Structures are given as structure tokens and as C-alpha cells.
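The values are calculated or read from the model by the stated rules, or taken from the named source; none is laboratory data. The model shown is predicted, which means the values in this text are computed figures rather than measured ones. Note that each Cβ is placed from the backbone with ideal geometry, even for glycine, and that neighbours are counted across all protein chains shown.
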């Protein structure tokens, strides 16, 4: 859905987008994710307290590594956003569930000035990629967003892109699982043009810490409800 005016003109062709990759014990997936990174995209791996050598592996593979000891998905994303110096910043899970080659789908509309925030709506590629409890919670949250903002989103997926400076200016406060939701709510309130594209979603590599478990989903929903209660 297109909302209000653009935040800026097209990004120069030589601009290199940054990709913030929050990491917590993802040593089994990091190599594959970095190997699939499209040309011209710089990965920023934000280690959120891993104990399996994730940070060391990412660094050895040439990624820029940021250490964020304060636990929380939002804390890791914000640390990566602050560490970036690119005009356009993407966010993507680093567990192998997303194909980094599809980052262009979310980055190009922002870079070309056609959108201010692009969300990747997940399309499961196999059974088990998106557990029923996580999908149900996501569907309910998307409906709440539509009622509150009028924006027709179907997914709060973590693959997304926006311009760095306007994103910082939104003043996102959540540092836990409410980060993706607060970004959308604040962007809508600011009149951003928000679009959604479909991206593939595969079973993750390794053990899920959040939406792959009922407990993790419950925690995420609690964090997001706290965000929804804010004015």
C-alpha cells in the first residue's frame, strides 16, 4: 500500500546496501548465508551472545562482526543499524530460513525510491518451515495492524529494507521481539510508503530460539502486545 510522500530520491547505483544479520548460536548456518549474499550487499553479523563460535566463524569468512551483549532481537537489530554506514539497510535472519539472494526484492524498491519500507512476506517452501503457532500469532498481529493503521500487510517477517537515517529517526524503542512490529507502526504513523513482497521461507538450520517453539512464540506475542498498547 502506498502512503504519503517518499522520504528521498533514488539511491546512487554505486551505493552498497548493508544487511544486518542478528545471530545467536547459528554456527551451522552462517557459512551458507554469507556464501549466498548477493554481490554488492555487505553483511553485518551482530552476535547476541553466542557460545558456539558464531562470531569467530563470521569474522573468518569476511563479515563485519558487531558484538551486542544485551540479549534481544531488537537489541541486535539496532546495534547493526547503528554500525551501518549505508543509505539502505536490510535485515535478515541468519538461520538459513531465508535465501539471501532474494534480498534484492526488498532492497531495490527502497533504493530506487519506489518505497520507504519493504517487508518480505514469507512463503513456506516445506512443511515445518513455519510452525502453526507462529503462523497463527503472525496472522492475528497482521490483522491488528490493518485495523490500527489501514496498511494491508500479511506478515511481520524479519526480511525487510529501509533507509538508514529515516529508520533511526523513527525512534524505535523496543529491544526485544517487538522490534519488527514497532518499526511498522511508527513507519505508518510517519506516512511512509510501505510495501510487501513475497519471499521464500525454508526450515531453519539448527535449533530455534523464538518462533520455532511455543514458548518463544508466546514471548514474542507478549512483547508485541506491549508495543501495541503504546500510544
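Determine, yes or no, whether residue 150 is out of contact with any strand residue (DSSP E or B) (no Cβ under 7 Å at 6 or more places or on another chain) and buried (at least 22 other Cβ atoms within 10 Å of the Cβ).
Numbers: out of contact with any strand residue (DSSP E or B) (no Cβ under 7 Å at 6 or more places or on another chain): yes; buried (at least 22 other Cβ atoms within 10 Å of the Cβ): no.
Criteria not met by residue 150.
Residues checked against (1) modelled with pLDDT of 95 or more; (2) surrounded by fewer than 21 Cβ atoms within 10 Å (Cβ to Cβ); (3) touching a helix residue (DSSP H, G or I) at 6+ places or on another chain (Cβ under 6 Å):
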{"residue": "20", "(1), (2), (3)": "yes, no, yes"}
{"residue": "27", "(1), (2), (3)": "yes, yes, yes"}
{"residue": "49", "(1), (2), (3)": "yes, yes, no"}
{"residue": "70", "(1), (2), (3)": "yes, yes, no"}
{"residue": "76", "(1), (2), (3)": "yes, no, no"}
{"residue": "80", "(1), (2), (3)": "yes, no, no"}
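So in the range 189-215, with the set limited to residues that are modelled with pLDDT under 70 and in contact with a helix residue (DSSP H, G or I) (Cβ under 8 Å, 6 or more places away or on another chain), which one is surrounded by the most Cβ atoms within 10 Å (Cβ to Cβ)?
Within the range 189-215, the first condition is being modelled with pLDDT under 70, and the residues that meet it are 208-215.
This time we only want the ones that are in contact with a helix residue (DSSP H, G or I) (Cβ under 8 Å, 6 or more places away or on another chain), so: 208-212, 214.
Values: 208: 15, 209: 18, 210: 17, 211: 23, 212: 21, 214: 12.
By that ranking, first place goes to 211.
Okay, residues lined up against (1) closer than 19 Å to residue 16 by Cβ; (2) touching a strand residue (DSSP E or B) at 6+ places or on another chain (Cβ under 9 Å):
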position	(1), (2)
68	no, yes
73	no, yes
81	yes, yes
84	yes, yes
87	yes, yes
92	yes, yes
97	no, yes
104	yes, no
111	yes, yes
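Can you find a residue that is within 18 Å of the chain's Cα centre (by Cα), modelled with pLDDT of 95 or more and more than 18 Å from residue 72 (Cα to Cα) anywhere in the range 169-176?
Within the range 169-176, one or more residues are within 18 Å of the chain's Cα centre (by Cα), modelled with pLDDT of 95 or more and more than 18 Å from residue 72 (Cα to Cα).
Kindly establish whether residue 136 is at pLDDT 85 or above and buried (at least 21 other Cβ atoms within 10 Å of the Cβ).
Numbers: at pLDDT 85 or above: yes; buried (at least 21 other Cβ atoms within 10 Å of the Cβ): no.
Here the answer is no, as residue 136 does not meet what is asked.
How about the range 35-47: which of its residues are free of Cβ contacts under 8 Å to residues at least 60 places away in the same chain, touching a strand residue (DSSP E or B) at 6+ places or on another chain (Cβ under 6 Å) and either surrounded by 19 or more Cβ atoms within 10 Å (Cβ to Cβ) or not in a strand (DSSP E or B) (or both)? Write out each step before concluding.
As a first pass, look at the range 35-47 and keep what is free of Cβ contacts under 8 Å to residues at least 60 places away in the same chain: 35, 39-40, 42-47.
With the extra rule that they be touching a strand residue (DSSP E or B) at 6+ places or on another chain (Cβ under 6 Å), the set shrinks to 42-47.
Matches in the range 35-47: 43, 44, 45, 46, 47.
If you go through the range 120-131 one residue at a time, do you hit one that is crowded, with 20+ Cβ neighbours inside 10 Å and under 15 Å from the mean Cα position of the chain (by Cα)?
From the range 120-131, those crowded, with 20+ Cβ neighbours inside 10 Å are 120, 122, 130; that's our starting set.
So of that shortlist, the ones also under 15 Å from the mean Cα position of the chain (by Cα) come out as 120, 122.
Yes: one or more hits.
Of the numbered conditions (1) within 30 Å of residue 83 (Cα to Cα); (2) in contact with a strand residue (DSSP E or B) (Cβ under 7 Å, 6 or more places away or on another chain), residue 179 satisfies every one except a single condition; which is it?
(2) is the only condition that residue 179 fails.
Which numbered condition trips up residue 89, out of (1) modelled with pLDDT under 95; (2) under 21 Å from residue 163 (Cα atoms)?
All conditions are met except number (1).
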